[in-house]
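Structure first, then comments.
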């Protein structure tokens, strides 16, 4: 007698749902959804459509779209619906469209200018970005995917004793240690003076959903208030003890069960909530070319 095994479905994330006219297809049980039958150009003009996209973003944390042949001005207008756009001090903006950062990786820049690190954008700011709207202008024939990570789920799945240990911890985030690392010392120090290291809670509360977020990443250099009598008996409890705890927390973004991976095509878009996610741009396409354009939205302090 032959037994046929039936596939198991997770009914909490149905294969496809409809929100009005928008078709929503979750990509994993944890994070990410691809949206069809929606125009981002229209969302830049329509208050109702934008409100629906924003609600879906809070639910899925990163939204994906294909075949969105819109102008740069419409790209900027859509991002500005979320809030003011930020200017990146290193990458710079498109002169004709302030706030639109060109991330062009070609034969002149790859592989020296790496981008392989799990990170939350610009946590070296006192008020890190709310999110971003990213477009693929040109992609390689193979490779060049981007991975996003649900850091609310990463926090939720931590052991309880770790949650207790990090509940009141704060961490320092640095632009000098990342973007400044390859600069001459005078230029690096000038960048540090312009953007002093920012301090954020290790566990951040999302200002709209109330979720607890594990908020450390590749920009995080150290835990600033770990060295207390409750945690430190001897020197090695502090160093390397604090560094080992931070390393463990940073590695939670590497867990595949918290991730979604997106294959780019020209005129595909991703909109993500920078407060609750990390991402990793996979640089596995050299000597291919990857040209992206990103509008980052100014966020709020983490307190």
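The values are calculated or read from the model by the stated rules, or taken from the named source; none is laboratory data. All values reported here derive from a predicted model rather than from experimental measurement. Ideal geometry is used to build each Cβ from the backbone, glycine not excepted, and the neighbour counts take in all protein chains shown.
Checked against the criterion of being in a loop (DSSP other than H, G, I, E, B), touching a residue at least 24 places away in the same chain (Cβ under 8 Å) and more than 30 Å from residue 37 (Cα to Cα), the stretch 207-215 contains one or more residues that satisfy it.
Within the stretch 243-255, one or more residues are part of a loop (DSSP other than H, G, I, E, B) and modelled with pLDDT of 95 or more.
If you scan the stretch 132-152, which residues turn out to be crowded, with 23+ Cβ neighbours inside 10 Å, closer than 17 Å to residue 66 by Cα and out of contact with any strand residue (DSSP E or B) (no Cβ under 6 Å at 6 or more places or on another chain)? Those that are crowded, with 23+ Cβ neighbours inside 10 Å, closer than 17 Å to residue 66 by Cα and out of contact with any strand residue (DSSP E or B) (no Cβ under 6 Å at 6 or more places or on another chain): none in the stretch 132-152. Answer yes if at least one residue in the stretch 89-104 is over 30 Å from residue 48 (Cβ atoms), at pLDDT 95 or above and outside any loop (DSSP other than H, G, I, E, B), and no otherwise. Scanning the stretch 89-104, I find no residue that is over 30 Å from residue 48 (Cβ atoms), at pLDDT 95 or above and outside any loop (DSSP other than H, G, I, E, B), so the answer is no. Condition check for residue 164 on (1) free of Cβ contacts under 8 Å to residues at least 60 places away in the same chain; (2) in a loop (DSSP other than H, G, I, E, B); (3) not assigned by TED's automatic domain parsing to the domain that holds residue 41: one failure, at (2). From the list 78, 63, 35, 53, the lone residue that is closer than 17 Å to residue 151 by Cα and either under 19 Å from the mean Cα position of the chain (by Cα) or not in a helix (DSSP H, G or I) (or both) is 63. Within the stretch 223-242, if we keep just the residues that are loosely packed, with under 15 Cβ neighbours inside 10 Å and either assigned by TED's automatic domain parsing to the domain that holds residue 274 or not in a loop (DSSP other than H, G, I, E, B) (or both), the residue that is modelled with the highest pLDDT turns out to be 235.
Just one of the numbered conditions (1) within 22 Å of residue 31 (Cβ to Cβ); (2) assigned to a loop (DSSP other than H, G, I, E, B); (3) modelled with pLDDT of 95 or more is not true of residue 117: (3).
Of all the listed residues (192, 263, 251), the sole one being surrounded by 13 or more Cβ atoms within 10 Å (Cβ to Cβ), without any contact (Cβ under 8 Å) to a residue 40 or more places away in the chain and under 23 Å from the mean Cα position of the chain (by Cα) is 192.
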